[in-house]
Amino acid sequence: MIFVIPRFYYFRVLFCLLISVGIIPPAMAKKDSPFVLSNEQTPVQIAIIIDDLGTNWLQAKRVLKLPRAVATSILPFTPHAKKIARFSKSAGHPVLIHIPMEADEKNELLGPGALTEAMGFWALIKQLRRNIVDIPGAEGINNHMGSKLTRDSREMRWVMAMLRWQDLYFVDSRTTTETVAASVATSMGVANTSRDVFLDHAIDEKDINKQFDRLIALAQKQGFALAIGHPHKETLNVLEKRLPQLKSRGIQLVPVSQLLNRQTRNVKLMTMTGME
Ligand SMILES: [Zn+2]
């Protein structure tokens, strides 16, 4: 299939390129900042993203019955991607695009729409744009795999330039501790946040419950925390049981977009005090 981009897009992509190589400083490129600092005291908040959605409609249907603050993150070009995006939107769930990015290993699991280092600027930008177009109504992206690509600041600048143009935010799944994705996003004025806890590295309800406890402990410590989980039945069993209990513990479940500014404020405070 041939992918045709209307001519005016090339000007916008050129603009992105100029931003990405630093010819246009991001601050000059766009005046309105997505970051709003607030002195208001906010309650302890957690946000949850369920990603790897798109191949299994029955799993997705169960995810869509969770509280609507839970975000769905959908793999592009998967059989049920568009349907899940549509149902998520109409049920009030935030929709993210789960962008496959090159990993250090097991790249055979990336699936369609993957971004890799070997692609170069134009191919990467075009593929990212196609991925975005495939999932209508998305408000942000997070990386699927990506332990290799998210370490590379050049490719991350290209990705963030596109997100800035498309007004999408970025959630760093943090599949490597050496990721530069969130810091590149911040430097380019792209609203972003990062995953604190993976709920289901081990697909076992006991372990998932422990990870959920970790999520709450972290949120109580830093004021907020973000978890990523997957649509395994064990994960959904735990979430269905524990999400309704949050309120009585004084914890608010919020859409991931509500953590963007708070994470940024935290990063700024940490930078000011010299902490890593
Ligand atoms: Zn994934």
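We did not get these values from a lab; they are worked out from the coordinates using the rules stated. Computed from a predicted structure; not experimentally measured. With ideal geometry, Cβ positions are generated from the backbone for all residues, glycine too; neighbour counts draw on all protein chains shown.
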For Phe87, only one of the following conditions fails: (1) over 16 Å from the mean Cα position of the chain (by Cα); (2) within 16 Å of the ligand (Cβ to nearest atom). What is its number?
(2)
Based on this model, can you work out whether Ile132 counts as within 14 Å of the chain's Cα centre (by Cα) and within 12 Å of Gln166 (Cβ to Cβ)?
yes
Selection status of Ala202, within 15 Å of the ligand (Cβ to nearest atom) and not basic (Lys, Arg)
no
Looking at the range 51-74, I want the residues that are surrounded by fewer than 23 Cβ atoms within 10 Å (Cβ to Cβ) and have a partner that is among the aromatic types (Phe, Trp, Tyr) and not in a loop (DSSP other than H, G, I, E, B) with Cβ atoms under 6 Å, at least 6 apart or on another chain. Which pairs are those?
Leu64/Phe87
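Tell me yes or no: at least one residue of the range 199-219 is over 14 Å from the mean Cα position of the chain (by Cα), among the β-branched types (Val, Ile, Thr) and either under 21 Å from Glu105 (Cα atoms) or in a loop (DSSP other than H, G, I, E, B) (or both).
Step one: list which residues in the range 199-219 are over 14 Å from the mean Cα position of the chain (by Cα), which gives 199-219.
From what's left, among the β-branched types (Val, Ile, Thr): 203, 208, 216.
Within this subset, residues satisfying the condition of being either under 21 Å from Glu105 (Cα atoms) or in a loop (DSSP other than H, G, I, E, B) (or both) are 203.
There is at least one residue in the range 199-219 that is over 14 Å from the mean Cα position of the chain (by Cα), among the β-branched types (Val, Ile, Thr) and either under 21 Å from Glu105 (Cα atoms) or in a loop (DSSP other than H, G, I, E, B) (or both).
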Applying the selection to the range 48-65, what residues are more than 17 Å from Phe198 (Cβ to Cβ) and either away from the ligand (no atom under 11 Å from the Cβ) or out of contact with any Gly (no Cβ under 9 Å at 6 or more places or on another chain) (or both)?
Thr55, Asn56, Trp57, Leu58, Gln59, Ala60, Lys61, Arg62, Leu64, Lys65
Give all pairs with beta carbons closer than 6 Å in which a residue from the range 141-159 that is farther than 19 Å from Asp51 by Cα meets a residue that is buried (at least 24 other Cβ atoms within 10 Å of the Cβ) and among the aliphatic types (A, V, I, L, M); count only pairs at least 6 apart in sequence or on separate chains.
Ser153/Val184; Glu155/Leu149; Met156/Ala181; Met156/Val184; Arg157/Val184
